[in-house]
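Report on the following structure.
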Amino acid sequence: MNAIEAYLGDLDARLRGPSSAKNDLLTEARDGLTDAAEAYRAGGVDEVEAERRAVADFGPADLIAGDYQAELGLRRDIRVLWELIVGVPLLILAWDLARGFGDWSRFGDPPSWYHRAIGAADTLAVLSPAVAVAGLLAARLLSRRAGGPFAARAVSWSLAGAVGLNLLAVATYGGATGLLEPARLIVSVPCAVGSGIWILFSMRLTVAARSWRATA
């Protein structure tokens with residue numbers, strides 16, 4: 001194994017994240033190292049020494065891996081944000097449609113506190129993707145003006161806020177309905193399915209965000 005491949009193998013072992021994104025970064029590194037080695041060879045340096053110098057110029061594997069891991073974290077956060085931006089509005093729409101099924105008359109009119117709680121949950125649910133969109137826009141502006149770390153921080157904060165708002169919305173929906181009448185959540189099959197999907201979706205977003213922090 002030559003010096004370049006050994007270096008890339010070291011980088012690969014240090015990185016954690018989606019294989020496609022990781023392969024993109026490793027391919028970029030391979031191209032840069034190959035070009036640098038070719039430049040040395042064109043200057044009369046033998047192949048082994050050219051590859052060794054190219055690797056030395058590229059930088060220590062532990063430092064480069066840190067930069068690449070941050071990039072992988074940014075890409076992963078953006079992917080989760082897009083899932084939230086698309087998924088939460090679809091779930092809100094699906095739940096609104098599901099409310100059209102089932103016999104709600106048997107529950108009677110809910111008290112005023114329930115209407116206020118559901119209104120608050122609706123607001124939280126709408127704010128969740130709004131915060132995600134704002135975070136992506138801010139990251140785009142920051143990446144042009146201030147560099148990668150600031151963009152990554154903006155995406156990380158928006159992800160935490162958006163996921164938190166969505167979880168709070170789901171907890172408010174479920175908590176208020178559970179206190180009043182749990183049967184409202186499963187008054188019809190569409191309502192039961194919609195409730196279950198939203199809960200599972202929220203859990204998935206939370207696990208994705210937390211597990212990424214553990215490996216980043």
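The values are calculated or read from the model by the stated rules, or taken from the named source; none is laboratory data. Owing to the predicted nature of the structure, the values given are computational and were not obtained by experimental measurement. Ideal geometry is used to build each Cβ from the backbone, glycine not excepted, and the neighbour counts take in all protein chains shown. When the accessible area is computed, the model is the full protein with side chains, heavy atoms only, and any ligands, DNA or RNA have been set aside. Shrake-Rupley method; radii C 1.70, N 1.55, O 1.52, S 1.80 Å.
Odds and ends about this structure:
- Put simply, the stretch 21-61 fits an ellipsoid with semi-axes of 21, 10, 6 Å; these come from the alpha carbon gyration tensor as the roots of five times its eigenvalues, largest first.
- Order by protection proxy (mean Cβ within 10 Å, highest first), peptides 109-120, 53-64: 53-64, 109-120
- Scanning the chain for long hydrophobic helices, with DSSP H runs required to stretch 18 angstrom or more by C-alpha along their axis and to average at least 0.0 on the Kyte-Doolittle scale, returns 61-98, 112-145, 148-180, 189-215.
- Between the beta carbons of Asp122 and Phe150, assuming R0 = 41 Å, the FRET efficiency works out to 0.80 to the nearest 0.05.
- Listed residues Phe107, Ala171, Ile197: farthest to the positive end of the dipole of the chain (Cβ charges): Phe107
- Each peptide in 172-183, 67-78 receives the mean, over its residues, of other Cβ atoms within 10 Å, and ordering these scores from highest gives 67-78, 172-183.
- Estimated distance in nm for a label pair at Leu90 and Arg41, the labels positioned 7 Å out from Cα along Cα-to-Cβ: 4.8
- Dipole magnitude of the chain, debye to nearest 20 (Cβ charges: Lys/Arg +1, Asp/Glu -1, about Cα centre): 1020
- Within the accessible surface of the chain, defined with a 1.4 Å probe on protein heavy atoms only, the carbon and sulfur portion equals 63 percent.
- The stretch 31-156, relative contact order [Cα under 8 Å, separation at least 6], %: 25
- Across the alpha-carbon atoms of the chain, the computed radius of gyration and Dmax are 24.7, 88 angstrom.
- Estimated [θ] at 222 nm from DSSP helical runs (n ≥ 4, -39500 (n - 2.57)) normalised by residues in the chain, nearest 500: -29500 deg cm²/dmol
- Measuring nothing but how far apart in sequence close Cα pairs (under 8 Å, 6+ apart) lie, relative to its length, the chain scores a relative contact order of 24 percent.
- Take the Kirkwood radius over Cα pairs of the stretch 54-147, plug it into Stokes-Einstein at 4 °C and 1.567 mPa s, and you get 74 µm²/s for translational diffusion.
- Each principal axis of the stretch 1-122 carries a Cα extent, and these read 88, 23, 21 Å when sorted largest first.
- Globularity index of the stretch 47-97, i.e. its alpha-carbon radius of gyration over 2.2 N^0.38 Å: 2.16
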